[in-house]
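Notes follow once the structure below has been shown.
The values are calculated or read from the model by the stated rules, or taken from the named source; none is laboratory data. Keep in mind that what you see is a predicted model, and the values were worked out from it rather than measured. As a convention, Cβ positions derive from the backbone with ideal geometry for all residues, glycine included, and neighbour counts pool all protein chains shown.
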Amino acid sequence: MSEKPDSATLAPDFGAVTFITERLIVSTTERQAKIRIVLVNTAHPGNIGGAARAMKNMGLAELYLVQPREYPAPRAVWRAAGARDVLANATVVDSVDEAIAGCGLVVGTSARERRIPWPLIDPRECGARIWQEAETHDVALLFGREDRGLTNDELQKCHYHVHIPSNPDYSSLNLATAVQVLSYEVRMASLTDAEGNLPSLQEWDQPPVPADDLENFHVHLAETMADLGFYDPENPKQLLTRMRRLFNRQRMDKMEVSILRGLLSSVQRIINK
Ligand code: SAH
């Protein structure tokens, strides 16, 4: 890309509110520390090392590994080359929920179209959005398994999906290569920002709901709908998916979710009296 990125294309209008609370002057390093690259259930340790290297080249350092199949492993260290520090500081966790806990924005990557459409952004918008939101809160970018990507459940925890517009006849990139492309876009957004050409997001009075509180809300919602007899856990169809999509699309803030939780508790008290 020889041309300077156009800030208008880097500031897409998502039609939803955006969240910046307590605007503080944060350094580039502090912002980078808020960006988590999450690799889910990676099979090949070489890809973990390759991802670590790709991240460090682009100035990112927070690597989360959800149940890596073979790790630690010498092959990961070889492939990481000069990014061994990123590997050494990687956080290994048991679930995606643990990896995204505390994050106000979660983006999932997908090598192909899924059955239920989800708010989709392109890699450039993804880089801009991640960089903009990391001004005030933690954000996570999820990468799936080499053989089958992210599961539907994992993708449904995301606010947006991002697809690298590859050749439709051969759309799936190597995992570490996909990390490289998307980390590069975050890098480009950070450079555009340093030039003063990346707009900041609108200020908001409340922080976005963190992923763990959002998950608890969805569990509570499903439970209340079951108590009401509105939802049959034996015959779930697509109801819960649609509810997740509806609420994830709203980018709810922390206060809004706590009000809704209170409402659900009141409903449950009346039903279960
Ligand atoms: N057969 C799998 C491919 C997984 S590729 C599938 O169909 O889902 C492994 C991971 O690399 C994906 O989960 C995603 O995180 C990333 N990836 C590969 N190609 C990508 C693309 N074109 N766009 C976005 N992410 C991609």
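Let's see how each residue does on (1) within 16 Å of the ligand (Cβ to nearest atom); (2) at pLDDT below 95; (3) surrounded by fewer than 15 Cβ atoms within 10 Å (Cβ to Cβ):
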residue	(1), (2), (3)
Ser7	no, yes, no
Pro12	no, yes, yes
Ala33	no, no, no
Leu39	yes, no, no
Pro45	yes, no, no
Asn57	no, no, no
Pro68	yes, no, no
Ala83	no, no, no
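Per-residue answers, yes or no, for (1) touching a residue at least 60 places away in the same chain (Cβ under 8 Å); (2) among the small types (Gly, Ala, Ser); (3) in the same structural domain as His137 (by TED's automatic domain parsing):
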site	(1), (2), (3)
Val219	no, no, no
Glu223	no, no, no
Ala226	no, yes, no
Met243	no, no, no
Arg249	yes, no, no
Ser258	no, yes, no
Arg261	no, no, no
Val267	no, no, no
Search result, residues across region 136-154 that are surrounded by 22 or more Cβ atoms within 10 Å (Cβ to Cβ) and not in a strand (DSSP E or B)
Thr136, Gly144, Leu150, Glu154
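Does Asn89 satisfy being polar (S, T, N, Q), more than 14 Å from the chain's Cα centre (by Cα) and away from the ligand (no atom under 16 Å from the Cβ)?
Working: polar (S, T, N, Q): yes; more than 14 Å from the chain's Cα centre (by Cα): yes; away from the ligand (no atom under 16 Å from the Cβ): yes.
In short, yes.
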Kindly indicate which of Pro119, Pro74 is within 16 Å of the ligand (Cβ to nearest atom) and more than 17 Å from Leu39 (Cα to Cα).
Pro119
Inside region 223-258, can you point out the residues that are loosely packed, with under 11 Cβ neighbours inside 10 Å and aliphatic (A, V, I, L, M)?
Leu246
Exclusive hit being under 13 Å from Val38 (Cα atoms) and buried (at least 16 other Cβ atoms within 10 Å of the Cβ), set Gly127, Gly108
Gly108
Can you find a residue in region 174-188 that is under 25 Å from Gly49 (Cα atoms) and away from the ligand (no atom under 16 Å from the Cβ)?
yes
